1. Of Glu247, Glu270, Glu335, which residue is of a type in the set (Asp, Glu), at pLDDT 85 or above, farther than 27 Å from His14 by Cα and not assigned by TED's automatic domain parsing to the domain that holds Gly35?
2. Looking at region 58-68, can you tell me whether even one residue there is more than 25 Å from Pro282 (Cα to Cα) and not in a loop (DSSP other than H, G, I, E, B)?
3. Is it the case that some residue within region 36-52 is free of Cβ contacts under 8 Å to residues at least 24 places away in the same chain, surrounded by 18 or more Cβ atoms within 10 Å (Cβ to Cβ), β-branched (Val, Ile, Thr) and out of contact with any Pro (no Cβ under 6 Å at 6 or more places or on another chain)?
4. Can we say Val137 is farther than 24 Å from Ser191 by Cβ and in contact (Cβ under 8 Å) with a residue 12 or more places away in the chain?
5. I need the full set of residues from region 79-103 which are in contact (Cβ under 8 Å) with a residue 60 or more places away in the chain, in a loop (DSSP other than H, G, I, E, B) and of a type outside the set (Asp, Glu), in order please.
6. Please find, among Val137, Val192, Val180, the residue that is buried (at least 20 other Cβ atoms within 10 Å of the Cβ), in a helix (DSSP H, G or I) and either assigned by TED's automatic domain parsing to the domain that holds Ser52 or of a type in the set (S, T, N, Q) (or both).
7. Restricting region 275-305 to residues that are buried (at least 17 other Cβ atoms within 10 Å of the Cβ) and basic (Lys, Arg), which is modelled with the lowest pLDDT?
Amino acid sequence: MAEPILEVRGLVKHYPLTQGIVIKRQIGAVKAVDGVDFALGRGETLGIVGESGCGKSTVAKMLVNLERPTAGHIHYRGEDITKLSGRALRAVRRNIQMVFQDPYTSLNPRMTVGDIIGEPYEIHPEVAPKGSRRARVRELLDVVGLNPEYINRYPHQFSGGQRQRIGIARGLALRPEVIVADEPVSALDVSVQAQVVNLLEKLQSEFDLSYVFIAHDLSIVRHISDRVGVMYLGRIVETGTDAEIYEHPTHPYTQALLSAVPVPDPLAREHRERIILSGDVPSPANPPSGCRFRTRCWKARERCALEVPLLAVPAEFRGVEGPAAHDSACHFAEEKHVVP
């Protein structure tokens with residue numbers, strides 16, 4: 001990858017747990033995100049997948065500074081945006097926009113579509129002079145596949161898929177370089193999901209956008225992503241290209257996730273190995289020592305409780321070309337994934 005447009009290093013977000021009514025004291029912390037690293041190239045799509053509660057949405061909010069990190073750094077074009085505030089932060093936010101998960105609650109029901117999409121111009125008037133804003137909004141509606149004549153309608157007059165298109169148009173209004181899409185299709189019907197994903201791909205090609213695409217649906221992530229990061233309990237446990245992750249997963253958690261993906265072919269389904277994980281996801285307020293997945297992992301040994309595995313290419317595959325040579329946070333990633 002050339003110099004990344006967005007780089008995240010050691011990103012941490014802990015929410016304090018307090019006790020007491022008058023005098024509150026901290027008795028612990030919910031470790032929602034606990035050391036995340038990744039880089040995003042220009043024009044690239046990085047997919048982040050994982051089950052609910054693993055910290056995906058918290059990462060998304062920190063990328064656009066809706067949440068302040070407890071520790072770590074987010075570099076946009078070499079500048080650490082975690083240290084910015086006021087006018088400097090607003091200038092960066094123009095280039096990093098977000099598409100939210102729920103198209104029903106992310107749009108103000110008291111505002112027309114024209115006002116919703118045009119609101120960013122009130123904060124960044126230099127992008128569009130006042131006299132041209134209405135024409136710019138109509139153009140954006142056309143870009144996302146909506147009738148420009150809908151400009152005076154309200155959100156309740158649209159379907160879920162149309163509302164998400166409005167949210168995408170709002171995200172495009174300031175001509176950003178990076179769009180953080182936080183599960184943008186999870187609240188939509190399957191047929192509408194395909195339409196929205198195809199729209200995102202079309203817009204990426206037209207406007208040279210870079211995406212951080214967050215989802216829990218592995219099939220959608222594979223369709224749209226160039227690289228994939230798999231999250232578990234606040235950390236990325238495996239990362240690689242879509243072919244590396246889907247064709248040769250090395251982390252046990254990724255293997256379990258992929259084994260749960262529905263297969264339409266009955267014959268293939270019969271011969272596929274299904275991995276059923278035991279136990280529940282540990283609490284982020286009290287994660288396991290060492291490897292956080294060890295309490296549910298069939299490969300777990302004493303070393304897993306004592307050492308935190310590094311996110312790196314497994315020793316057996318270093319210097320070897322092929323789909324197995326990608327980063328995985330597992331002490332025994334090179335072992336064949338046979339479930340006892």
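The values are calculated or read from the model by the stated rules, or taken from the named source; none is laboratory data. All values reported here derive from a predicted model rather than from experimental measurement. All Cβ positions, glycine included, derive from the backbone under ideal geometry; neighbour counts span all protein chains shown.
1. Matching residue, one of Glu247, Glu270, Glu335: Glu247.
2. yes
3. Scanning region 36-52 turns up no residue that is free of Cβ contacts under 8 Å to residues at least 24 places away in the same chain, surrounded by 18 or more Cβ atoms within 10 Å (Cβ to Cβ), β-branched (Val, Ile, Thr) and out of contact with any Pro (no Cβ under 6 Å at 6 or more places or on another chain).
4. yes
5. Arg94, Asn95, Phe100, Gln101, Pro103
6. So the residue among Val137, Val192, Val180 that is buried (at least 20 other Cβ atoms within 10 Å of the Cβ), in a helix (DSSP H, G or I) and either assigned by TED's automatic domain parsing to the domain that holds Ser52 or of a type in the set (S, T, N, Q) (or both) is Val137.
7. For region 275-305, the residue satisfying everything is Lys299.
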